[in-house]
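First comes the structure, then the notes that go with it.
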Amino acid sequence: MNKEYLRDEMLRMSGVNPKKCMKCGKCSATCPAYDEMEYHPHQFVSMVEKGDIEPLMKSESLYRCLTCFACVDRCPRGVEPAKLIEAVRLSVIRQQGANRLKADDVPAKLDDDMPQQAIVSAFRKYSK
Amino acid sequence: MKFSYFPGCTLKNKAKDLDIYARRSAEVLGITLEEIENWQCCGGVFSTAKDEVATKLSSVRALKEAKSKDQPLVSVCSACHNVIKQTNHAIQTDKEFADKVNRYMAEEPYNGETQVYHYLEMLRDVAGFDAVKAKVVNPLKGKKIAAYYGCLLLRPNSVMKMDDPENPKIMEDLIKAMGADAVVYANRNECCGGYVSFESPELAKKKSLAVVENAKAAGAEMIITACPLCKYNLIKNGADIPVVYFTELLAEALGVKEDTNE
């Protein structure tokens, strides 16, 4: 896909301006899922700015973000990297047949104590 | 004072304790919780995408219902509060989003008029912790309790505005009002892993255990939370001290843990 088009889509969906980033790395430093990610929050910012979005769309990192807003709150420039991760993730799961979590997979993952909140949240993050 | 109350899906099922003790405690404090009729699940997570509209409509309808009664809206679950408050903020600050939302609203439009409270804010700002303290009949003396905020209560701070997101004290103040000792520890506002427990249990385990170990190292004998998923993750991943809802302790302190109406 056209790099410029993809970048503009991510910026439109997220409302983020990656040009504000001053490359301090605090977003990745504070990310609780850092060790599990191939691309870290600061890389989402720089790669989206360059339009390198296809590698991000293929990465498992999209599903490691916990939506804890630590990078959003702790960024000294208000860049809000998690909003970019959300935009890239949605642009993947909004495609036909791209749901990561299917309803039929759910029963096998349940246990007696699992709160409904876990299931509805997982659907919000992994499926459209 | 009357509030429109949004319980949320989990409080009707796996987290009944969070709900029941919140209702009983509010009664003691002279606050009426009127459950919103026909509320629908908030969805658990707020999507920050500006073009994500349909998933936010259940929150908007709850907010609109509260507005029609001229009441503020309160919820106890951290996730419901986070989603509803962020949705309200999006309507207030993003005109395009508000316009899209209102195409789904019959009759009156909704433009973010409702005031959104978390139950803890209601205790602090409406009842007042001094009033809570005055109503305590079973002070939890000598108990060392660690408040676990997690992420959803405090962040993003520009929207949630509950407390200092890096050094919060609202739950510690409640713990003190109930007569117990508040244990302050570094990981109290770090994430437990949240919904990732659904597909990456190992990641959730690492995050949850870090919270429990940190609280214990600071001397905690018990952890309190407002979030069913935090509670589940901490217990599931091996917390060896009790993890309970803050409302349960509150009801205990206020002497209404046992139902006297039955």
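Kindly indicate the residue of the stretch B:32-56 that is at the interface with chain A (Cβ under 7 Å from one of its Cβ atoms) and aliphatic (A, V, I, L, M) and also farthest from residue B:19 (Cα to Cα) among those meeting that condition.
B:49
Name the residues in the stretch B:59-81 that are within 24 Å of residue A:85 (Cα to Cα) and either without any contact (Cβ under 8 Å) to a residue 60 or more places away in the chain or not polar (S, T, N, Q) (or both), would you?
Those that are within 24 Å of residue A:85 (Cα to Cα) and either without any contact (Cβ under 8 Å) to a residue 60 or more places away in the chain or not polar (S, T, N, Q) (or both): B:59, B:79, B:80, B:81.
Of the residues in the stretch B:227-241, how many are in contact with a strand residue (DSSP E or B) (Cβ under 7 Å, 6 or more places away or on another chain) and either closer than 16 Å to residue B:183 by Cα or crowded, with 24+ Cβ neighbours inside 10 Å (or both)?
Final tally of qualifying residues: 3.
Restricting to the stretch A:8-62, name every residue that is farther than 14 Å from residue A:84 by Cβ and not hydrophobic (A, V, I, L, M, F, W, C).
A:23, A:25, A:26, A:30, A:32, A:34, A:35, A:36, A:38, A:54, A:58, A:60
Conditions (1) farther than 15 Å from residue A:89 by Cβ; (2) among the aliphatic types (A, V, I, L, M), marked per residue:
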site: A:34; (1), (2): yes, no
site: A:37; (1), (2): no, yes
site: A:46; (1), (2): yes, no
site: A:54; (1), (2): no, no
site: A:58; (1), (2): no, no
site: A:67; (1), (2): no, no
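Give, as residue ranges, the strands (runs of 3 or more DSSP E) completely inside the stretch B:1-111 that count at least 3 residues that are surrounded by 22 or more Cβ atoms within 10 Å (Cβ to Cβ), at pLDDT 95 or above and of a type outside the set (Lys, Arg).
Output list reads B:2-5, B:73-75.
Looking only at helices (runs of 4 or more DSSP H) that lie completely in the stretch A:46-128, which have at least 1 residues being at the interface with another protein chain (Cβ under 7 Å from one of its Cβ atoms) and of a type in the set (A, V, I, L, M)? So that I can check it myself, show each step before the final result.
Values: elements: A:54-57, A:70-74, A:81-93, A:106-109, A:116-126.
In the stretch A:46-128, the matching helices (runs of 4 or more DSSP H) lie at A:70-74, A:81-93, A:116-126.
For a quick check of your reading: which helices (runs of 4 or more DSSP H) sit entirely within the stretch B:143-238 and have at least 3 residues that are under 18 Å from residue A:111 (Cβ atoms)? Before you say what the answer is, go through the steps one by one.
Values: elements: B:157-160, B:170-177, B:201-217, B:228-236.
Correct list: B:201-217, B:228-236.
Return the pairs, sorted by first residue and then second, in which the second residue is not in a helix (DSSP H, G or I), the first residue lies in the stretch A:1-17 and is basic (Lys, Arg), the beta carbons are less than 7 Å apart, and the residues are 6+ apart or on different chains.
Note: pairs meeting the criteria are A:3/A:51; A:7/A:51; A:7/A:53.
The values are calculated or read from the model by the stated rules, or taken from the named source; none is laboratory data. All values derive from a computational prediction rather than experimental measurement. A quick note on method: Cβ atoms are made from the backbone with ideal geometry, for glycine too, and the neighbour counts reach across all protein chains shown.
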